[in-house]
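The values are calculated or read from the model by the stated rules, or taken from the named source; none is laboratory data. Only a predicted model underlies this, so the values are computations on that prediction, with no experimental measurement involved. As a convention, Cβ positions derive from the backbone with ideal geometry for all residues, glycine included, and neighbour counts pool all protein chains shown.
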Amino acid sequence: MATPNVGEIVSSTIQKRSGEYSDNFTNNNAILFQMQKRGNVESADGGDVIAEEIAFATNTNAQSYDGYDTLATDQQQVFDFAQFAWKQYAAAITMSGREKRQNMGRERIIDLLASRIDNARGSLKNLWATDAYLDGTGNNGKALTGLNALVPTDPTTGTVGGINRANFTFWRSQIKTHTMATATILADMNALWVLCCHGTDKPNLILTDNTGYTTYESALQPNQRFTDSAMADAGFENYKYKSAPVVLDGGIGGACPASQMFFLNTDFLRWRPHSALNFAPMDEGDGRQPVNQDAIIKFLGLMGNITSKGLRYQGRYNGS
């Protein structure tokens, strides 16, 4: 049985699944799940960079007064922009002419493609989850601006979003450095938590590796073990610490660095995918036909970056 153009089948099959994969991608990553839950997954339409407006100072014109007192009207500069570069990821889905002819028939080709699209999506998801912990310099600066850049072990140095932390203290995350131990981990977490709180703003997600998770678990009394129901329903292994879930991002393939805890306020972190390339096919046509191969290639792509509007609300427990 003859089939229509195989490139058309590849394109339509990926397109049909791309929205599903975007949602699935978010729901299978603890950081993205929490950002989505808090309304901080926001697509962007373009531009040279992704700009995030930040408030870095208070308005000094605010004052008490009485009667005919003169009110301050000094010019204020309290807002600026942090700028984050676009980062791009892609995974190729290929089908040889031999495979096309062996799987003649539209449904048989779709069945073959489904597993390859699933694999490409899983590969992108795993790469994103790994790079989300790095410092953005991976692959010659093409990787995500990850937590090692946003919430480093030394928050007094380095430039993030175009802002030099050595010069601007408002752009520094919080840090607690102490060897993780069952006897001291709760006191260390308490100290870091306080540093990350400002009024009603406080961490809403704590990510950790095997060591951090098991050390925290050992420090809990049996009658104090609570979980976050939303995280648990989504399948994430977690315990509650105050109002934030402590999520295990270790286990098989976990990318969280050893003996680390990231105290994240995802109200000030955002995932900004491009509206035109969020687990979507990169080509508008039927795919690419190599000039010297009997094959067709289609790319599943992702473009965006992790951004922040407030690094001082983020914390890191360096327990190594």
Could you list, in sequence order, the residues of the range 165-183 that are of a type outside the set (D, E, K, R), surrounded by fewer than 22 Cβ atoms within 10 Å (Cβ to Cβ) and either in contact with a Pro (Cβ under 9 Å, 6 or more places away or on another chain) or over 14 Å from Ile54 (Cβ atoms) (or both)? Ala166, Asn167, Ile175, Thr177, His178, Thr179, Ala181, Thr182, Ala183
Quick check on Ala187: is it closer than 23 Å to Ala255 by Cα, out of contact with any strand residue (DSSP E or B) (no Cβ under 9 Å at 6 or more places or on another chain), at pLDDT 95 or above and surrounded by fewer than 19 Cβ atoms within 10 Å (Cβ to Cβ)? no
Being in a loop (DSSP other than H, G, I, E, B) and either crowded, with 22+ Cβ neighbours inside 10 Å or polar (S, T, N, Q) (or both): is that true of Thr157 here? yes
Of the residues in the range 267-303, those that are within 27 Å of Ile175 (Cβ to Cβ), in contact with a strand residue (DSSP E or B) (Cβ under 6 Å, 6 or more places away or on another chain) and not aromatic (Phe, Trp, Tyr) come to Leu269, Arg270, Arg272
Number of positions in the range 258-278 that are crowded, with 22+ Cβ neighbours inside 10 Å and either outside any strand (DSSP E or B) or hydroxyl-bearing (Ser, Thr, Tyr) (or both): 2
Total residues in the range 107-144, condition in contact with a Pro (Cβ under 7 Å, 6 or more places away or on another chain) and either in a helix (DSSP H, G or I) or modelled with pLDDT under 80 (or both): 0
Unique match (being of a type outside the set (Phe, Trp, Tyr), under 27 Å from Ala191 (Cβ atoms) and touching a Leu at 6+ places or on another chain (Cβ under 8 Å)) among Gly319, Gly301, Gly315: Gly315
How many residues of the range 205-236 are outside any loop (DSSP other than H, G, I, E, B), among the hydrophobic types (A, V, I, L, M, F, W, C) and touching a residue at least 12 places away in the same chain (Cβ under 8 Å)? The answer is 6
When the range 235-259 is checked residue by residue, the ones that are over 17 Å from the mean Cα position of the chain (by Cα) and not β-branched (Val, Ile, Thr) are Gly235, Glu237, Asn238, Tyr239, Lys240, Tyr241, Lys242, Ser243, Ala244, Gly251, Ala258, Ser259
Given the conditions (1) under 19 Å from Asp228 (Cβ atoms); (2) at pLDDT below 95; (3) within 20 Å of the chain's Cα centre (by Cα), every one holds for Glu217 apart from (3)
I'd like the residue in the range 82-106 that is assigned to a helix (DSSP H, G or I) and among the basic types (Lys, Arg) and, out of all such residues, is modelled with the highest pLDDT. Arg98
As an exercise: evaluate Phe263 against (1) touching a residue at least 60 places away in the same chain (Cβ under 8 Å); (2) under 30 Å from Val49 (Cβ atoms); (3) out of contact with any strand residue (DSSP E or B) (no Cβ under 7 Å at 6 or more places or on another chain) and give the number of the one condition it does not meet. (3)
So in the range 279-297, with the set limited to residues that are of a type outside the set (A, V, I, L, M, F, W, C) and either buried (at least 20 other Cβ atoms within 10 Å of the Cβ) or assigned to a helix (DSSP H, G or I) (or both), which one is modelled with the lowest pLDDT? Gly287
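Kindly evaluate Leu124 against the criterion of being under 25 Å from Lys309 (Cβ atoms) and touching a strand residue (DSSP E or B) at 6+ places or on another chain (Cβ under 8 Å).
So Leu124 fails the test.
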I'm checking my understanding of the structure. Among residues of the range 226-253 that are under 22 Å from Asn148 (Cβ atoms) and at pLDDT below 80, which one is surrounded by the fewest Cβ atoms within 10 Å (Cβ to Cβ)? Ile252
Scan the range 237-248 residue by residue and report those that are touching a residue at least 40 places away in the same chain (Cβ under 8 Å) and touching a Pro at 6+ places or on another chain (Cβ under 7 Å). Ala244
In the range 166-204, anything assigned to a loop (DSSP other than H, G, I, E, B), more than 23 Å from the chain's Cα centre (by Cα), closer than 14 Å to Pro152 by Cα and not small (Gly, Ala, Ser) is listed as none
